[in-house]
Amino acid sequence: MVGEIANFVEYLKDVKKTSRNTQVSYQRDLLQLCEYLEGQGIYEVPKVTRTSLNSYILYLEREGKATTTISRVLASIKAFFHYEFSMGNIKRDPAELLKAPKIEKKAPVILTVEEIEALMAQPCGRNAKEIRDKAMLELLYATGIRVSELVHLKLEDVNLNVGFITCRDQQKERMVPFGKVARKALQEYLMNSRGILLKGRESEWLFTNCSGLPMSRQGFWKIIKFYGDKAGIKSDITPHSLRHSFAAHLLRNGADIHAVQAMLGHSDTSTTQAYTAYFGKLEQARDKIR
């Protein structure tokens with residue numbers, strides 16, 4: 001099956017034009033399935049049945065895998081066998097009727113304005129790293145962009161004069177405005193930090209790590225965890241928490257939902273509208289505690 005998986009990943013890359021992260025994720029999931037099936041004596045794609053795939057899903061559940069993980073694996077499996085069927089390599093798609101486990105939707109972590117202020121106040125030093133960290137935090141909260149969009153920003157994507165950034169993906173691009181606080185933090189970073197971090201190198205990327213290489217999602221994840229702990233924030237915050245907070249705070253203050261939807265890059269207004277309900281429940285819970 002390894003060869004078929006390799007062909008499928010090439011198809012994702014060359015035909016579907018998926019991201020590198022998607023290709024790596026699908027390949028990892030399918031190779032783990034392959035290892036399991038070989039342990040069951042199944043070595044060829046045509047020998048795979050719906051029963052053997054269901055057996056693998058049950059195995060993942062017994063291993064204590066999260067429902068979100070199992071759902072992702074199932075999506076990889078379905079995509080792979082649909083590809084095999086469409087290519088004529090199998091006569092029947094064994095994954096067609098497989099069902100994903102029900103995922104319990106968790107309310108997003110939304111920080112209060114006071115918590116946001118405490119978080120933003122943490123990188124207060126004058127060294128290059130803290131200046132960069134402050135710029136990243138301020139820009140993330142000011143725009144509500146995804147962490148993947150933040151770390152993939154290029155210098156050419158930032159317009160300091162007008163005050164907006166351009167976020168791009170394979171299908172579309174959108175311009176997101178930011179205010180004076182984020183602009184000041186970005187100016188400080190570009191003037192007094194970025195060159196030090198680059199150590200004389202040239203780079204098209206806006207944010208780099210301390211080695212002068214592009215900042216990674218994992219790297220920024222550690223940064224926000226560090227400053228969250230330092231600020232004494234008890235919530236389990238992630239980079240996405242700032243995106244949630246950005247949306248909820250704007251809507252709470254009367255921002256037009258369609259404008260917020262456009263800035264977040266949501267295709268459906270209902271996704272954006274959910275923040276209003278979440279924020280209301282959060283405020284009710286905090287009122288009871290008080």
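Okay, here's what the table says:
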| item | result |
| --- | --- |
| Region 4-19, subset within 23 Å of the chain's Cα centre (by Cα) and in a loop (DSSP other than H, G, I, E, B), residue surrounded by the most Cβ atoms within 10 Å (Cβ to Cβ) | T18 |
| For A121: the one exception among (1) surrounded by 18 or more Cβ atoms within 10 Å (Cβ to Cβ); (2) modelled with pLDDT of 90 or more | (1) |
| Count of residues meeting criterion [outside any loop (DSSP other than H, G, I, E, B) and of a type in the set (D, E, K, R)] in region 196-221 | 1 |
| Long-range neighbours under 7 Å by Cβ, at least six apart or interchain, first residue in contact (Cβ under 8 Å) with a residue 12 or more places away in the chain and more than 27 Å from S211 (Cα to Cα) within region 172-193, second surrounded by 20 or more Cβ atoms within 10 Å (Cβ to Cβ) and β-branched (V, I, T) | V176/T143; V176/I145; V176/I165; F178/T143; F178/I165 |
| Only one of I145, I165, I224 that is crowded, with 19+ Cβ neighbours inside 10 Å and part of a loop (DSSP other than H, G, I, E, B) | I145 |
| Any hit, region 218-234, residues being within 19 Å of the chain's Cα centre (by Cα), at pLDDT below 90 and of a type in the set (D, E, K, R) | no |
| Scope region 128-142; condition without any contact (Cβ under 8 Å) to a residue 60 or more places away in the chain and open to solvent by 10 Å² or more (accessible area, probe 1.4 Å); matching residues | E130, K134, E138 |
| Criterion (within 30 Å of S148 (Cα to Cα) and surrounded by fewer than 17 Cβ atoms within 10 Å (Cβ to Cβ)) met by exactly one of Q23, Q32 | Q32 |
| Some residue of region 48-62 being closer than 19 Å to F8 by Cα, open to solvent by 30 Å² or more (accessible area, probe 1.4 Å) and within 31 Å of the chain's Cα centre (by Cα) | no |
| Positions within region 148-162 being open to solvent by less than 10 Å² (accessible area, probe 1.4 Å) and either part of a loop (DSSP other than H, G, I, E, B) or in contact with a His (Cβ under 6 Å, 6 or more places away or on another chain) (or both), in sequence order | L153 |
| Filtered residue count, region 168-185, keeping only those that are part of a loop (DSSP other than H, G, I, E, B) and of a type in the set (K, R) | 1 |
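The values are calculated or read from the model by the stated rules, or taken from the named source; none is laboratory data. From a predicted model like this one, the values you see are computed outputs, not experimental measurements. Reconstructed Cβ throughout: ideal geometry from the backbone, glycine too, with neighbour counts over all protein chains shown. These accessible areas exclude ligands, DNA and RNA; they are computed on the full protein's heavy atoms, side chains included. Shrake-Rupley method; radii C 1.70, N 1.55, O 1.52, S 1.80 Å.
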